[in-house]
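Visitor: One structure is given below, represented as structure tokens, and several questions about it will come after.
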Amino acid sequence: MVDEKQLRDAVKKTISRDDVKYVVGYEKGTSGFLVSPTFAFTPGDADKFIFSPLCVNNLAVYPMLEDKPPLRKGEEPDTRKIGLVVKGCDSRAIVQIIQEKGLKREDVVIIGIPCTGVIDPKKIKEKFPGQMKNVDVKEENEKFVITIDGKIHKISKDELLAEKCKHCEYPAPVLYDILIGKEIKSTKKEDYKEIEPLEKKSLEDKWDYWEKQFERCIRCYACRDACPLCYCKECMVDLLDPQWIRRSVNLSENTAWNLLRAFHLAGRCIGCGECERVCPMDLPLMKLNKKIEKDIKEMYDYTSGIDAEEKPLLAMFKPDDPEEFIL
Amino acid sequence: MKEKFEPNIIGFLCNWCSYAGADLAGTSRIQYPPNLKAIRVMCSGRVNPIFVINALQQGADGVLIGGCHPGDCHYERGNYLARRRMAVLKKLLEYTGIDPRRVRMTWVSASEGKKFAEVVKEVTEDIRELGPMQHFRRENKW
Amino acid sequence: MDKYVLPKDNLSKFVSEMIGKYKVFAPVNDNNVTLFKQIKNPKEINLEFTNSKVPPKNLLFCQTETLFKFTPGTKGKIHPVDFDNGGRTVFGIRPCDAKSLAILDRVFKGDFEDPYYLTKRKNTILVGLSCTQPCLNCFCTSFNDSPASPEFVDILLTDIGDKYFVEVNSDKGKQLVKTMNKLFKSATEADGKKKKEVEKKAKDIITRFQKIDGITEKLDKIFENPFWETVANKCLGCGTCTYLCPTCHCFDIQDETTMTDGGRVRIWDTCMISEYTLQASGYNPRPARMNRVRNRVYHKYNYYPKNFEVIACVGCGRCIDSCPVNIDIIDVVTRAGEVKP
């Protein structure tokens with residue numbers, strides 16, 4: 001359980017600093033189980049900040065989304081910091097961005113929250129469909145306590161926990177300035193069990209599976225826009241000359257897009273699961289990301305988003321990297 | 001009668017080693033299958049995975065990437081970086097159901113004309129066996 | 001308006017007969033996502049849905065559509081495409097989505113008549129299905145519409161227990177019912193009453209409400225208001241809202257070529273990305289996310305009513321359901337109405 005008062009105090013303290021532009025956190029959403037990112041520009045705004053197991057969004061995407069209009073003559077760039085409320089996985093995204101020099105450490109003030117797992121919005125919506133008001137969700141004794149209109153439901157954690165949390169090895173932020181509550185250690189281990197059945201299938205069956213998934217993609221690129229690590233100024237799919245991937249929506253282009261999106265996150269994806277969460281067509285995108293994560297762990301013993309001083313995976317090498325596939 | 005399938009293979013060959021190796025194979029009059037269409041790149045490290053995926057989309061049945069032997073790269077480290085990239089890409093392709101033999105990588109130096117011919121032979125035969133690439137070919141059906 | 005009832009046992013016969021005559025599109029379950037797809041067998045239909053993920057506008061205004069083909073080069077030529085003139089029915093369309101097609105008609109029948117959309121529209125019979133279980137974010141009642149309104153469909157089916165109450169609203173619908181009148185029975189007064197009950201019940205489920213009184217005029221006054229910054233701060237610029245919106249109709253046109261031939265294709269576009277307004281000079285009139293979010297609201301609640309006298313929102317709630325960061329159009333518009341100019 002996160003002490004919300006402590007969180008709000010930390011936000012207030014941060015936003016009161018002269019060198020902080022705003023703090024991003026969570027607030028209650030407009031309906032049902034929704035939670036919304038929120039921005040504090042003044043200490044007063046901090047009062048709406050919350051943290052509950054519904055806070056699934058990765059807010060590390062916001063520093064990279066900053067609109068930076070061209071400066072007028074004599075205008076100084078705004079170098080104030082951005083405050084962020086982060087969970088374990090979100091903090092790894094920031095570490096990874098810092099490692100790639102997308103951000104500088106001093107650009108952000110990180111308010112870390114030791115996270116004991118968040119709820120998958122799709123699962124909870126399926127469990128409690130329909131209209132509702134006065135929703136409150138808490139975690140107590142390894143159970144989610146969900147109050148709807150005064151009625152209390154106690155549900156075991158496993159049932160609603162987001163997939164990414166089931167094997168989370170870094171529940172506490174790996175990088176922070178202020179920590180709310182105590183450090184926690186994870187007892188879980190990522191064993192990549194969920195992709196194993198698919199890995200074992202024959203090539204034909206694998207393609208059958210992915211063909212059906214990719215066919216459904218509507219190429220809205222929400223997966224890219226919600227990803228904290230997809231921050232290229234110009235994405236390869238938006239290029240017109242050369243236009244590697246056509247704008248037409250068909251199996252060929254959809255496959256190319258989904259493969260390349262996954263590849264561009266090789267050694268960078270920190271497994272926050274935002275791509276899969278925001279996908280309007282429910283594509284199992286994390287199955288692609290996890291596969292790459294597993295491969296690079298096996299081949300290069302590398303984990304992304306842990307050490308900001310390390311070099312990015314695909315920008316370095318060891319002379320004895322595996323090469324049995326080379327003729 | 002059914003025509004024998006002739007695979008289309010795109011070769012991204014590095015300027016300093018593999019391309020020169022291919023040249024040597026030619027000038028030494030070593031016979032090798034004509035299925036490989038060579039594209040010269042300055043370094044195997046120049047080969048973006050997007051090239052490979054795009055080639056497979058546009059009609060290639062296989063892709064061969066040729067670079068210098070480890071340690072011989074003209075740019076010191078290009079082939080090492082390519083090696084990591086292609087290792088990840090090949091596993092990803094296999095995971096989505098595309099035979100990893102369609103994307104191959106080789107080290108051929110400028111003096112290895114014979115090795116180049118052998119590699120092309122092997123790749124061509126492999127892909128002939130696999131048949132045409134049908135997974136996500138661009139259809140151009142307007 | 002002609003009224004009939006269709007016993008539930010006859011439904012699959014009704015669909016089968018339609019499949020014999022037309023291309024039939026109906027909601028199907030594709031890996032737990034409900035989508036409108038062409039069906040060959042009534043068994044494929046999934047009636048246990050609140051609404052489809054992608055609105056059925058994509059059956060008429062396709063996401064990817066070839067405008068014409070051409071041969072590139074100095075001796076180039078243009079080859080027109082054949083229009084699909086066959087009859088189609090969309091079975092199971094919700095009244096809100098049907099209204100959205102009526103809204104799209106005004107654009108595609110505007111100064112320039114769009115033959116690609118209109119040909120399909122002309123040949124399409126809409127067999128609607130009333131919403132009995134509106135979802136959490138439905139708000140069609142805010143526009144004085146009803147989840148069981150036959151206004152914009154040709155035929156509307158309403159589940160009243162053991163049978164469907166059938167309302168035939170157009171000549172197209174009459175023709176269809178006439179050809180298979182064996183399946184239908186005439187409706188009694190009790191059936192009509194039952195339908196009203198179902199409609200009332202569905203309306204009562206909808207609790208969310210958007211205040212739209214005088215919103216068009218209000219928006220004129222608050223264009224430069226800092227309110228829009230606060231709304232847009234959290235926007236990711238992903239465009240899910242516009243792709244899934246039944247009334248969004250922007251498209252991009254691109255030429256796709258090979259060495260020997262090519263096609264001019266139009267593809268759905270979204271105003272939520274910066275490339276949408278980026279000009280060749282490099283200048284972008286909507287440089288920030290704020291401009292883009294504001295444009296989406298203004299297009300639906302200000303520009304559109306000014307041009308066509310109807311708000312371009314039907315209250316289906318898809319954008320609220322699918323927005324990754326909870327930008328809620330009900331909330332945004334209601335709050336915009338309260339902003340001091």
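Visitor: Using the charge dipole of chain C (Lys, Arg: +1 at Cβ; Asp, Glu: -1 at Cβ; taken about the Cα centre), state which of C:LEU278, C:ASN225, C:THR74 has its Cα farthest towards the positive end.
Guide: Sorting the options by dipole projection puts first C:THR74.
Visitor: In region A:65-81, what residues drop by 10 Å² or more in accessible surface going from the chain by itself to the full protein assembly, probe 1.4 Å?
Guide: Listed by number, the residues meeting the 10 Å² cut-off are A:LEU65, A:ASP67.
Visitor: Hey, what did region A:4-179 get for relative contact order, percent, Cα under 8 Å, at least 6 apart? Numbers along the way, then the final one.
Guide: Working: 304 pairs, mean separation 40.5, N = 176.
Worked out over region A:4-179, it gives 23 percent.
Visitor: For chain C, with a Gaussian network of springs between Cα atoms less than 10 Å apart, report the residue from C:ALA26, C:ALA187, C:ALA280 with the top mean-square fluctuation.
Guide: Answer for the Gaussian network model of chain C: C:ALA280.
Visitor: On to the next question. So which residues of region C:205-229 lose at least 20 Å² of accessible area, probe 1.4 Å, when you go from the chain by itself to every protein chain present?
Guide: C:ILE205, C:THR207, C:ARG208
Visitor: While we're on this one: If each DSSP helix of 4+ residues adds -39,500 (n - 2.57) and the sum is divided by the residues in chain A, what number results at 222 nm, nearest 500 deg cm²/dmol? Walk me through the intermediate numbers first.
Guide: Numbers: 12 runs with 103 residues, N = 327.
The per-residue figure over chain A is -8500 deg cm²/dmol.
Visitor: When ranked by the protection proxy of mean other Cβ atoms within 10 Å per residue, highest first, what sequence do the peptides C:172-179, A:219-226 form?
Guide: Working: C:172-179: 16.6, A:219-226: 24.4.
Ranking, from highest mean packing down: A:219-226, C:172-179.
Visitor: For a quick size check, give me the Cα extents of region A:193-315 along its three principal axes, largest first, whole Å.
Guide: Here the spans come out as 40, 38, 25 Å, largest first.
Visitor: Also, quick follow-up: Quick check on the protein assembly as shown: take the gyration tensor over C-alpha atoms, sort the square-rooted eigenvalues as a ≥ b ≥ c, and tell me if it's rounded (a/c under 1.5), prolate or oblate. Walk me through the intermediate numbers first.
Guide: Details: a/c = 1.79, a/b = 1.23, b/c = 1.46.
Since a/c reaches 1.5 but b/c is at least a/b, the shape of the protein assembly as shown is classed as oblate.
Visitor: Using +1 at the C-beta of Lys and Arg and -1 at the C-beta of Asp and Glu, which of A:PRO284, C:GLY337, B:ALA60 has the Cα lying farthest in the positive direction of the dipole of the protein assembly as shown?
Guide: Highest projection toward the positive end goes to C:GLY337.
Visitor: Computing the accessible area with a 1.4 Å probe over protein heavy atoms, can you report the carbon and sulfur percentage for chain C? All intermediate terms of the calculation are to be shown ahead of the outcome.
Guide: Values: 7680 of 15320 Å².
Carbon and sulfur together cover 50 percent of it.
Visitor: Let me ask something else. For chain A, set up a Gaussian network in which alpha carbons nearer than 10 Å are linked by springs, and say which option among A:ASP282, A:ASP158, A:ASP149 fluctuates the most.
Guide: The residue that fluctuates most here is A:ASP149.
Visitor: List the pairs from A:LYS12/A:LYS104; A:LYS290/B:LYS91; C:LYS57/C:LYS163; A:LYS206/B:LYS90 whose alpha-carbon separation is above 19 Å, in the order I gave them.
Guide: A:LYS12/A:LYS104; C:LYS57/C:LYS163
Visitor: Oh, and also: Region C:1-97: which trypsin sites (Lys or Arg not before Pro) are DSSP loop and have at most 13 other beta-carbon atoms within 10 angstrom? Don't skip to the answer; put the middle values down first.
Guide: Values: sites: C:LYS3, C:LYS8, C:LYS13, C:LYS21, C:LYS23, C:LYS37, C:LYS40, C:LYS43, C:LYS53, C:LYS57, C:LYS69, C:LYS75, C:LYS77, C:ARG88; in loops: C:LYS40, C:LYS53, C:LYS75.
Passing both the DSSP loop test and the Cβ count: C:LYS40, C:LYS75.
Visitor: So with the 1.4 Å probe, I'd like the accessible area per residue for the protein assembly as shown, rounded to whole Å². Intermediate results must be reported in sequence, preceding the final value.
Guide: Working: 36250 Å² over 810 residues.
Dividing the accessible area of the protein assembly as shown by its residue count gives 45 Å².
Visitor: Now a separate question. Tell me which residues come under 5 Å, amide H to amide H, from A:HIS153 once H is placed; ignore anything under 5 positions away on its chain.
Guide: A:ILE146, A:THR147, A:ILE148
Visitor: For q = 0.14, 0.15, 0.18 Å⁻¹, what log10 I(q)/I(0) does region C:202-303 give under the Debye formula with an equal point scatterer on each alpha carbon and no solvent?
Guide: Once normalised to I(0) and log-transformed, intensities are -0.71, -0.78, -1.02.
Visitor: By a straight-distance test (C-alpha under 13 Å), which aspartates and glutamates pair with C:LYS172 as possible cross-link partners, with residues fewer than eight away in the same chain excluded?
Guide: Within the straight-line cut-off, C:LYS172 pairs with C:ASP2, C:ASP154.
Visitor: Now a separate question. Summarise the partner chain shielding of A:39-46 as one whole number: the mean count of Cβ atoms from other chains within 10 Å of each residue's Cβ. Numbers along the way, then the final one.
Guide: Values: counts 4, 0, 3, 0, 0, 0, 0, 0.
That works out to 1 on average.
Visitor: Carbon-plus-sulfur fraction of the accessible area of region A:193-315, 1.4 Å probe, in percent? Could the numbers behind the result be given before it?
Guide: On the way: 2280 of 4530 Å².
Result for region A:193-315: 50 percent of the exposed heavy-atom area is carbon or sulfur.
Visitor: Enter the buried accessible area of the C/A pair, total of both sides, probe 1.4 Å, in Å² rounded to the nearest 100. Kindly include the intermediate steps, with their values, before the conclusion.
Guide: Numbers: alone 17210 and 18470 Å², together 32170 Å².
Buried area (both sides, nearest 100 Å²): 3500 Å².
Visitor: Roughly what % of Cα-Cα distances in chain B sit above 20 Å, to the whole percent? All intermediate terms of the calculation are to be shown ahead of the outcome.
Guide: Working: 4527 of 10011 pairs.
Cα-Cα pairs in chain B separated by more than 20 Å: 45 percent.
Visitor: Okay, helix-only estimate at 222 nm for chain B: each DSSP H run of n ≥ 4 adds -39500 (n - 2.57), divide by all residues, round to 500 deg cm²/dmol; what do you get?
Guide: Numbers: 4 runs with 56 residues, N = 142.
Calculated from helices alone, the mean residue ellipticity at 222 nm is -12500 deg cm²/dmol.
Visitor: Oh, and also: Determine one quarter of the surface area of the Cα convex hull of region A:4-179, which equals its mean projected area, and express it in nm² to one decimal. Let's see the in-between values first.
Guide: Working: hull surface 46.7 nm².
Average projection, Cα convex hull of region A:4-179: 11.7 nm².
Visitor: Give the relative contact order (percent, whole number) for chain C; include only Cα pairs under 8 Å separated by 6+ residues.
Guide: 21 percent
Visitor: I need to check one value: relative contact order of region B:16-135, counting alpha carbon pairs closer than 8 Å and at least 6 residues apart, in percent. Kindly include the intermediate steps, with their values, before the conclusion.
Guide: Numbers: 159 pairs, mean separation 51.1, N = 120.
It rounds to 43 percent for region B:16-135.
Visitor: Something else about it: Tell me, what HN-Hα J-couplings in whole Hz come from the Karplus equation 6.51 cos²θ - 1.76 cosθ + 1.60 at θ = phi - 60° for each residue of region C:315-325, using x for Gly and Pro?
Guide: Couplings: x, 7, x, 5, 5, 6, 4, 9, 5, x, 10 Hz.
Visitor: Let me ask you something else. With springs only between Cα atoms under 10 Å apart, run a GNM on chain A and tell me which of A:LYS87, A:LYS157, A:LYS182 wobbles the most.
Guide: Ranking A:LYS87, A:LYS157, A:LYS182 by mean-square fluctuation puts A:LYS182 first.
Visitor: Just from its helices, what would the mean residue ellipticity at 222 nm be for chain C, if runs of 4 or more DSSP H residues each count -39500 (n - 2.57) and the sum is divided by every residue, rounded to the nearest 500 deg cm²/dmol?
Guide: Working: 12 runs with 106 residues, N = 341.
Rounded to the nearest 500, it is -8500 deg cm²/dmol.
Visitor: Using only C-alpha positions, report the orientation-averaged shadow area of the convex hull of chain C, nm², one decimal.
Guide: On the way: hull surface 79.8 nm².
Convex hull of Cα atoms, orientation-averaged projection: 20.0 nm².
Visitor: Two-decimal Rg/Rh of region C:130-238 from alpha-carbon positions, Kirkwood Rh?
Guide: Values: Rg = 20.0 Å, Rh = 17.2 Å.
Radius of gyration relative to Kirkwood radius: 1.16.
Visitor: Within region C:27-98, which chymotrypsin sites (Phe, Trp or Tyr not before Pro) sit in a loop by DSSP and count at most 15 neighbouring Cβ atoms inside 10 Å?
Guide: Those satisfying the criteria are C:PHE83.
The values are calculated or read from the model by the stated rules, or taken from the named source; none is laboratory data. Please read these numbers as outputs of a predicted model, since none were measured by experiment. Note that each Cβ is placed from the backbone with ideal geometry, even for glycine, and that neighbours are counted across all protein chains shown. Protein only, heavy atoms only, side chains kept; ligands, DNA and RNA dropped before computing areas. Shrake-Rupley method; radii C 1.70, N 1.55, O 1.52, S 1.80 Å.
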